[in-house]
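Below is one structure, written out as structure tokens, with a few remarks after it.
The values are calculated or read from the model by the stated rules, or taken from the named source; none is laboratory data. Note that this is a predicted model, so its numbers are computed, not measured. Heads up, the Cβs are rebuilt from the backbone with ideal geometry, glycines too, and the neighbour counts pull from every protein chain shown.
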Amino acid sequence: MVLTQSIGVESGLQYLSESKEALQSRSVAGRKPSPNQEILPLTASVNSRDRLEIGGCEVTALVEQFGSPLYILDEETLRATSSQYRDAFEKYYPGESQVLYASKAWSCLAVCAIAGSEGLGIDVVSAGEIHTALQAGVHPDKIYFHGNNKSREEIQLAVESGCTIVADNWLDLETLAELGKLGVSSKTGGPTRVMVRFTPGIECHTHEYIQTGQIDSKFGFDPNSLDRVFSFISQQPSLCCVGVHAHIGSQIFELQPHDDLAEVIVQALTKAHSYGLPATEINIGGGLGIRYTEADDPPSIQDWARTICTAVVAACDRHKLALPKLLCEPGRSLVGTACVTAYTVGSQKVIPGMRTYLSVDGGMSDNPRPITYQSVYRVIAANQMSATLTETVTVAGKHCESGDILIKDAKLPKCQPGDILVVTATGAYNYSMASNYNRVPRPAAVLVRNGEVNTIVQRETYQDLLRFDRLPERLSAQK
Ligand code: LLP
């Protein structure tokens, strides 16, 4: 049997009361709740109709208005998370710092604009993400372009836009040098800002698909090649090496790997200096985990930031180095908890003595994480929050694939077709990894705040699904 819903949870209310008690005890201790340690968005509450509200909006009413599946993003949680990251680095790091939002977690205009308005920069990994960040009004000074196989066109776009390029491999460097020789530069002129990404050789405990720091990784330069890399850059007048970057993985609950990373990355910076490079920035990546279920116990944003800042200060002290500008680039922990996905219950299949399948109107096309990483989520019946959780059911998606299961052995009250279920903590790597499998249109996303609701991503239509299809003339004649 796979993980059951939870031990001792009697109704959906308990997710809230647990959450609220946690909030109260932490605020008594004088600390703000760290959103990545919550299961529900910070504004979650239950109204007098026994229904779940997020951002002052009743979830069932949102589904009536916008349909389902529906991503519901809570602006207050996203802003609280962003400001906690920013404030924590300002508090614990005596030098300059910059938090970047890793937009691969959810790249769309509204999310990038909110992150930008909170003072965050943006980490992008494709021309599409660059375009989105720029269109959202983020200044290119604060856009950092990653990727292990950037195309020449993508690099050119990033250079001309004035973004910083995170060089991942020799092809990146050769392309950059070539573009420099051709006179390609940012509108403001001056050399292109380059950071060097390397694999730090640090392993962490997370799903193998999202481990990145180990030497056997497709990302970044081998640490043994750094001498050649810095020597190459030092000979390119069009390039300015501003610093070094390393990222160790995602959904990490331990603090030690980030503590260890500080020394490795500061050593790399010292090496860059030995080639006369004016490198003054280090980027320690992202990776802080979130609480998908009660079994998940991630450190708070404050503790994560304090660990990193303290370790970087100590490492610089050991190497007698002036404090570099410190960057980090969280994705999941910034946006994950701020969003829930609402679904409508449809058919049920009861296999006596074995399992009950409760199907919803979405699944692996809007949340591919359970089928890809065996991720476990929590689900709540949003229209009967105080009903006793009497049933153990498997919440299945609607796709033509047996593996399209959202949650195994979920604890829910008795549900009927038309009931509204909410899967929590779906802000990161859900919309951004969504597909049209089975020609299912991708859901809408709404932003909620103080009872106000705005569409931030429109629901796809059937016409949208055909937008890029072309029918050769001789086939259309058959119609
Ligand atoms: N920086 C770099 C260079 C990265 O590769 C990543 C994530 C991040 C920052 C942000 O990491 P975060 O703070 O979100 O952990 N699709 C997978 C996660 C892939 C992560 C890829 N890189 C999932 O759904 O779990």
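Being away from the ligand (no atom under 16 Å from the Cβ) and not aliphatic (A, V, I, L, M) narrows it down to one residue among 359, 375; which is it?
Unique residue meeting the criteria: 359.
Just to confirm my filter: which strands (runs of 3 or more DSSP E) fall fully inside the stretch 100-212 and include at least 2 residues that are within 15 Å of the chain's Cα centre (by Cα), aliphatic (A, V, I, L, M) and in the same structural domain as residue 222 (by TED's automatic domain parsing)?
Answer list for the stretch 100-212: 121-124.
Conditions tested, residue by residue: (1) at positive phi; (2) β-branched (Val, Ile, Thr); (3) surrounded by 24 or more Cβ atoms within 10 Å (Cβ to Cβ); (4) touching a Pro at 6+ places or on another chain (Cβ under 7 Å).
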residue	(1), (2), (3), (4)
274	no, no, no, no
283	no, no, yes, no
287	yes, no, yes, no
294	no, no, no, no
303	no, no, no, no
316	no, no, no, no
331	no, no, yes, no
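Residue 215 is checked against (1) among the hydrophobic types (A, V, I, L, M, F, W, C); (2) in contact (Cβ under 8 Å) with a residue 40 or more places away in the chain; (3) outside any strand (DSSP E or B) and fails just one. What number does that condition carry?
Failed condition: (2).
Which residue out of 451, 418 is under 27 Å from residue 15 (Cα atoms), at pLDDT 95 or above and in contact with a Cys (Cβ under 8 Å, 6 or more places away or on another chain)?
Checking each option against the conditions leaves just 451.
Given the criteria closer than 30 Å to residue 421 by Cβ and at pLDDT 95 or above, does residue 352 qualify?
Yes: the conditions hold for residue 352.
Out of all the residues in the stretch 309-329, is one or more under 28 Å from residue 40 (Cβ atoms), within 16 Å of the ligand (Cβ to nearest atom) and assigned by TED's automatic domain parsing to the domain that holds residue 120?
yes
In the stretch 332-379, how many residues are touching a helix residue (DSSP H, G or I) at 6+ places or on another chain (Cβ under 6 Å) and assigned to a strand (DSSP E or B)?
Selection size over the stretch 332-379: 1.
If I filter the stretch 97-109 down to residues being among the hydrophobic types (A, V, I, L, M, F, W, C) and under 15 Å from residue 136 (Cβ atoms), which single residue comes out as farthest from the ligand (Cβ to nearest atom)?
109
State all residues of the stretch 93-119 that are within 22 Å of residue 324 (Cα to Cα), in contact with a Cys (Cβ under 9 Å, 6 or more places away or on another chain), buried (at least 24 other Cβ atoms within 10 Å of the Cβ) and not hydroxyl-bearing (Ser, Thr, Tyr); if no residue qualifies, say none.
If the condition is that a residue be within 22 Å of residue 324 (Cα to Cα), in contact with a Cys (Cβ under 9 Å, 6 or more places away or on another chain), buried (at least 24 other Cβ atoms within 10 Å of the Cβ) and not hydroxyl-bearing (Ser, Thr, Tyr), then 99, 100 are the ones that fit.
Can you work out which of the residues in the stretch 78-96 that are within 16 Å of the ligand (Cβ to nearest atom) and not basic (Lys, Arg) is nearest to residue 262 (Cα to Cα)?
Within the stretch 78-96, the match that is nearest to residue 262 (Cα to Cα) is 89.
Quick grid of which residues meet (1) in contact (Cβ under 8 Å) with a residue 12 or more places away in the chain; (2) charged (D, E, K, R); (3) within 14 Å of residue 173 (Cβ to Cβ); (4) assigned to a helix (DSSP H, G or I):
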| site | (1), (2), (3), (4) |
| --- | --- |
| 247 | yes, no, no, no |
| 257 | yes, no, no, yes |
| 261 | yes, no, no, yes |
| 271 | yes, yes, no, yes |
| 277 | yes, no, yes, no |
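All but one of (1) within 14 Å of the ligand (Cβ to nearest atom); (2) farther than 30 Å from residue 299 by Cβ hold for residue 257, so report the exception by its number.
(2)
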